[in-house]
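Read the figures in this text as sums done on the coordinates, not as results from a lab. None of the values given here were measured: they were computed from a predicted structure. Methodologically, a virtual Cβ is constructed for each residue, glycine included, from the backbone with ideal geometry; neighbour enumeration extends over all protein chains shown.
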Amino acid sequence: MQQKRQQVVAWPLRIVTLLFALALSACTIGLVPAYDANLAEGLSGANKQTLILFAKLDEGASASEFKNYSGEYAELIGTFSELRYRAAARPMPPLASRLAKTKIFESFCNSKDNPAACLNASPAAIAQIVDTLRTMRASHHAGDLTPIIIGGFAREYESAIKQALTVESALKR
């Protein structure tokens, strides 16, 4: 009798557990900003233009040639700056905003200044791109760019753009 009673109690408990699991799986808990197709497309287009600039300069360029590239530098810096603002302006989900204010999250993200930045890593990666392009422009304006110097800037750029593109691709899913 007691065994039958346990089976009767277990049956509704299983149904409740199953319904709870289904309800929980239907809910999505957002911890990162929403995907922005325009931002992803903008990054892809600006990346293409930047890679073309690096290809033009990969054998080096003299300071006297700077005026030929000045407009390209300005366009790329402006484009990436706009994309950085767009990425930073995306609203964070409410739960993520609350979690970012906790001490646990602060240590997890290894940041006391802005722990929410690890939930939206694109603005920092894009800021690194802007800094790299500005430094490259200033170096080119001040003197000759050798292939070795161009290679260094290209590696810095590549590291930052990979991070931004990876984050944006992950948000698409």
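Observations on the model:
- Segment 38-64, residues that are surrounded by fewer than 18 Cβ atoms within 10 Å (Cβ to Cβ), touching a residue at least 40 places away in the same chain (Cβ under 8 Å) and of a type outside the set (Gly, Ala, Ser): Asn38, Phe54, Asp58, Glu59
- The residue list Ala138, Ala124, Ala160, Ala154 contains one member that is in contact (Cβ under 8 Å) with a residue 40 or more places away in the chain and among the hydrophobic types (A, V, I, L, M, F, W, C), which is Ala154.
- Qualifying positions in segment 30-59 - assigned to a helix (DSSP H, G or I) and either in contact with a Gly (Cβ under 7 Å, 6 or more places away or on another chain) or among the β-branched types (Val, Ile, Thr) (or both): Thr50, Ile52
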